[in-house]
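Here the structure is laid out as structure tokens; the discussion comes afterwards.
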Amino acid sequence: MSHQECRPLISLALISLLTSTLAAQRLDEFTRQASQLVKQNQWNEAAEILRKGMQSYPDNPELLLQMGNLLIHTGQAAQAEVVLREALAANKDNPEILRNLGEAEIRLGRLPAAVELFRKVLRRQSNDGQSHYRLAFTFYLQGDLQHALESARRAVEVSPMDANYREFYALILEQAGDTNESHEQLKAAHRLELKNAHLLFRLGEKERLDGQLSQAMESLEQAVRLDPENPLYHRQLARVYARLALLQQSSEEDARASRLLQAFQQYIQALTLAGRGQEVEALRRMEPLVTKHPEFTTGAMFLADLYRRRGQEKKALDLYLKVLERNPLDSRAIQESAWIEVRQGALTEAIELLRRIQEENPNEALIEGYRNLVQENWAGALREFRKVEAQLPLNAELLQLISFCLKAQGQRNEALSYLDKAIQLQPKDTRIQRQKHETKLANAFDLLEKRNWRAALRVFTELMAADGIEAGLYLNVAYCRQQSEDLQGAIRDYRIGLQGDPKAAWARTNLANLLFRLARYREAAAEWETVLAQARAVQFQHSGTDAVNLSQVYYCLGLCYSHLERFAQAEASFQNALRFGKETPELLYNLGVLRLRQNSPEEALNLIRRSARAGYEPAKRILEQAESHQSSVSGHRP
């Protein structure tokens, strides 16, 4: 697989290895893969991974729990309840299953059932802050303020560092009339999350209602700085400015709120148009809107997405980068910008962008690995890809990349194990099948180079069984048989392979030599004649046939003709051998022997003597015999 073929494999779906079949994949591979996909908001992909896991591990409570939780968060509460009750049947009284089942009951409107489930959790884990919090929320929905207040207080006690628990507790305290403690809880939540614009807004509203206008102005101004496109924040800040007699600032904020509200309305219209497939019209509406309201990052991101989907990547990248100028840590803008940079070949820039993300992020390692791969730093690429593999173990694209690196380092058996797993994940992907074929083929050729004929034969035979009739495989199998002295098998496979690739001159040459060894001279001559005919058709080289040593071919053909007693044809072949190549001792000797048969002894002896002077042993012996015979004849002459 070339580097160009690797490029399409770079996608936001990533991953790992281990065994060679889906059924043998570990349970934790499915759960880790699904968890990472959920982090990346790839809900459908996560659900698909969990379904595959449940096929391999039916009734496993861990997988059922994760699927149930995913269904809850995607608004499928009824299906979630069914799955979670299956999980509970497999693992009774599991607190996490009970808590998630309580969440499903809330969404289904069965509040008493939810209360009972959360209480059941707390009887087993009294310090579970999440269950106290969700129990408080359920009581609040029922209008039971007293029990909601008590549960919210317990949530804060057992989990004092959770800002969400404190914010909810502040809300209930406010409704219960304890405004001072409500204010303290909001301030504590803000201290835990200083850059939470929503908390600052809540705090500012509380201060405004309490008449603490200066503090309210400060809180709301911070909220506006953190979230400048929220019209509600601007509207409430305008009210505070008005009460402080800052009329110009109030007017400006009020106008800004109105413009942003109008912008959001136009954005919703464009969003609706895009949802109907009218992207051109959506673009037409969004472009002037984003130009007019540079602080409207939601609109800018939507417009950038439209550009990207329509292939206008430069415009999309420019907008994503403008969003990052306002909010350098916007993770989606970082991710989208980085992948456009990757597609444009700017790998270093992509990595620099991804390093801004504070949380664990597999894409940085993926791109770093790809950069190493392009530089043919196989070990470096493999190291980075395996970082991703640890987080996301079931993505066929990454498995192929890892296999490619292993193959490049000569670790072909391990490379094949990764490809086996990738095939189980995507059995219809012909690219994986081709990569597996190429890896096995490289392994077989490596065995050929090491002269391990039997092992190479085994691999080529496996490839034939898996990939069907392919001329090249038959020819390589034939070569292995030839080297293993299975001459009849080699001849059979050469013939089959040559039917599919009749211009493979090297194979036809080997076949002719084998036939000659077995004294099948007529068949051997026919093969040499075919080699010559093909060579002439392409002017003696290339263009679909291997380069041919014509001198050697004519020599071998002459030998066949000699054995068949077709002496005139043998003579012509030997002469052509002389014409197309150097004078070899073997050629001179055989031409000399042919002249003897044709009753040309003087020419014959001259040729044989030249062969003998070149050191050819058969020529030396025949001269010795001739001289011995001559001496014997001379010694008995009267």
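The values are calculated or read from the model by the stated rules, or taken from the named source; none is laboratory data. This structure is a prediction, so every number in the text was calculated from the model and none was measured. Every residue, glycine among them, receives a Cβ derived from its backbone with ideal geometry; neighbour counts consider all protein chains shown. Just so you know, the surface numbers come from the protein's heavy atoms only, side chains and all, with ligands and any DNA or RNA stripped out. Shrake-Rupley method; radii C 1.70, N 1.55, O 1.52, S 1.80 Å.
Couple of notes before you dig in:
- Just so you know, in the stretch 40-50 the residues that are touching a residue at least 12 places away in the same chain (Cβ under 8 Å) and open to solvent by 60 Å² or more (accessible area, probe 1.4 Å) include one that is nearest to LYS421 (Cα to Cα), and it is GLU45.
The rows are residues; the columns are (1) of a type in the set (A, V, I, L, M, F, W, C); (2) in contact with a strand residue (DSSP E or B) (Cβ under 7 Å, 6 or more places away or on another chain); (3) over 18 Å from GLU45 (Cα atoms); (4) free of Cβ contacts under 8 Å to residues at least 40 places away in the same chain.
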site: GLU364; (1), (2), (3), (4): no, no, yes, yes
site: ASN372; (1), (2), (3), (4): no, no, yes, yes
site: LYS387; (1), (2), (3), (4): no, no, yes, yes
site: LEU398; (1), (2), (3), (4): yes, no, no, no
site: PHE404; (1), (2), (3), (4): yes, no, yes, no
site: ARG412; (1), (2), (3), (4): no, no, yes, yes
site: LEU425; (1), (2), (3), (4): yes, no, no, no
site: HIS437; (1), (2), (3), (4): no, no, yes, yes
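- Residue within the stretch 491-503 that is free of Cβ contacts under 8 Å to residues at least 24 places away in the same chain, of a type in the set (Lys, Arg) and part of a helix (DSSP H, G or I) present: yes
- Note on the stretch 126-140: residues that are surrounded by fewer than 16 Cβ atoms within 10 Å (Cβ to Cβ) and within 44 Å of the chain's Cα centre (by Cα) amount to 1.
- Among the residues making up the stretch 458-469, those that are in a helix (DSSP H, G or I) and open to solvent by 30 Å² or more (accessible area, probe 1.4 Å) are ARG458, THR461, GLU462, MET464, ALA465, ALA466, ASP467.
- Elements of type helices (runs of 4 or more DSSP H) in the stretch 54-132, at least 3 residues being within 25 Å of GLU29 (Cα to Cα): 61-73, 77-90, 95-107
- Just one residue in the set ALA89, ALA78, ALA23 is modelled with pLDDT under 85 and either among the polar types (S, T, N, Q) or open to solvent by 10 Å² or more (accessible area, probe 1.4 Å) (or both); that residue is ALA23.
- Hits in the stretch 369-420 (condition: hydroxyl-bearing (Ser, Thr, Tyr) and farther than 22 Å from LEU37 by Cβ): SER417
- Residues being under 37 Å from the mean Cα position of the chain (by Cα) and either farther than 22 Å from ASN127 by Cβ or not acidic (Asp, Glu) (or both) - total across the stretch 99-112: 4
- Subset of the stretch 470-494 [of a type in the set (Asp, Glu) and open to solvent by 20 Å² or more (accessible area, probe 1.4 Å)]: GLU470, GLU485, ASP486
- Residue satisfying condition, being assigned to a loop (DSSP other than H, G, I, E, B) and open to solvent by less than 40 Å² (accessible area, probe 1.4 Å), within set PRO393, PRO427: PRO393
- Qualifying residue in the stretch 404-415 (condition: buried (at least 21 other Cβ atoms within 10 Å of the Cβ), in contact with a Pro (Cβ under 6 Å, 6 or more places away or on another chain) and within 29 Å of ARG355 (Cα to Cα)): no
- The set of residues in the stretch 164-181 being in a helix (DSSP H, G or I) and surrounded by fewer than 19 Cβ atoms within 10 Å (Cβ to Cβ) consists of ASN164, LEU171, GLU174, GLN175, THR179, ASN180, GLU181.
- Top-ranked residue of the stretch 322-345 - restricted to ones that are among the aliphatic types (A, V, I, L, M) and surrounded by 17 or more Cβ atoms within 10 Å (Cβ to Cβ), ranked as farthest from ASN372 (Cα to Cα): VAL323
- Total residues in the stretch 395-414 satisfying the condition of being more than 10 Å from the chain's Cα centre (by Cα) and more than 19 Å from ASN377 (Cα to Cα): the figure is 1.
- Unique residue being buried (at least 16 other Cβ atoms within 10 Å of the Cβ), within 24 Å of ASP162 (Cβ to Cβ), without any contact (Cβ under 8 Å) to a residue 60 or more places away in the chain and among the hydrophobic types (A, V, I, L, M, F, W, C) when the list is ALA197, ALA238: ALA197
- In this structure, ALA478 does satisfy being of a type in the set (Gly, Ala, Ser), part of a helix (DSSP H, G or I) and closer than 14 Å to GLU527 by Cβ.
- If only residues of the stretch 441-457 that are closer than 12 Å to VAL477 by Cα and open to solvent by 60 Å² or more (accessible area, probe 1.4 Å) are counted, the one that is modelled with the lowest pLDDT is PHE445.
- Filter result for GLU279 (open to solvent by 20 Å² or more (accessible area, probe 1.4 Å) and in contact with a Phe, Trp or Tyr (Cβ under 6 Å, 6 or more places away or on another chain)): no
- Qualifying positions in the stretch 350-362 - at pLDDT below 80 and farther than 14 Å from GLN40 by Cβ: ARG355, GLN358
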